1. Working out 0.36 nm times the residue gap between Asp62 and Asn24, then minus their Cα-Cα distance, what length gain in nm do you get to one decimal?
2. If you roll a 1.4 angstrom probe over the protein chains with everything in place, what fraction of the accessible area of the chain belongs to carbon and sulfur, to the nearest %?
3. Could you tell me which residue out of Asn32, Leu4, Asn18 lies farthest along the dipole of the chain toward its positive end? Charges go on the beta carbon: Lys and Arg +1, Asp and Glu -1, centred on the Cα centre.
4. Where only protein heavy atoms count, and the probe is 1.4 Å, what is the accessible area per residue for the chain in Å²?
5. Specify whether the C-alpha gyration tensor of the chain places it in the rounded, prolate or oblate class, a ≥ b ≥ c being the square roots of the eigenvalues: rounded for a/c under 1.5, otherwise prolate if a/b is larger than b/c and oblate if not.
6. Per residue of the stretch 43-52, in order, report the coupling 6.51 cos²θ - 1.76 cosθ + 1.60 (Karplus, θ = phi - 60°) as ³J(HN,Hα) in whole Hz, putting x for Gly and Pro.
7. Can you give me the angle between helix 17-28 and the longest principal axis of the chain, using Cα atoms only, in degrees from 0 to 90, rounded to the nearest 10?
Amino acid sequence: MDLLSVSNGKAEINIAENELLILNSALNEICNGIDIAEFETRIGSEKSDVEALLSKIGNILDKISAC
């Protein structure tokens, strides 16, 4: 993963497919594989936000596979 730029609370990154797969697997396990008491407190985000990020990463991986 390479940091390209940072501004206004956002980071632009260049991330490899294998790194996206790691993130996808970890988020999938957090959302679907294990029961986490006090999810929002422990993870720092609401479960729906994490599920939305997981979906976005999945869509990106689908596009990479299609190439």
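The values are calculated or read from the model by the stated rules, or taken from the named source; none is laboratory data. Because the structure is predicted, anything quoted here is derived from the model rather than measured. Quick reminder, even Gly has a Cβ in these numbers, built from the backbone with ideal geometry, and neighbours come from all protein chains shown. Protein only, heavy atoms only, side chains kept; ligands, DNA and RNA dropped before computing areas. Shrake-Rupley method; radii C 1.70, N 1.55, O 1.52, S 1.80 Å.
1. Stretched fully, the Asp62-Asn24 segment lengthens by 12.5 nm.
2. After summing per-atom areas, the C and S share lands at 50 percent.
3. Leu4
4. Roughly 77 Å² per residue, with all protein chains present.
5. oblate
6. Working through the residues one at a time gives 8, x, 8, 6, 4, 4, 5, 5, 5, 5 Hz.
7. 10
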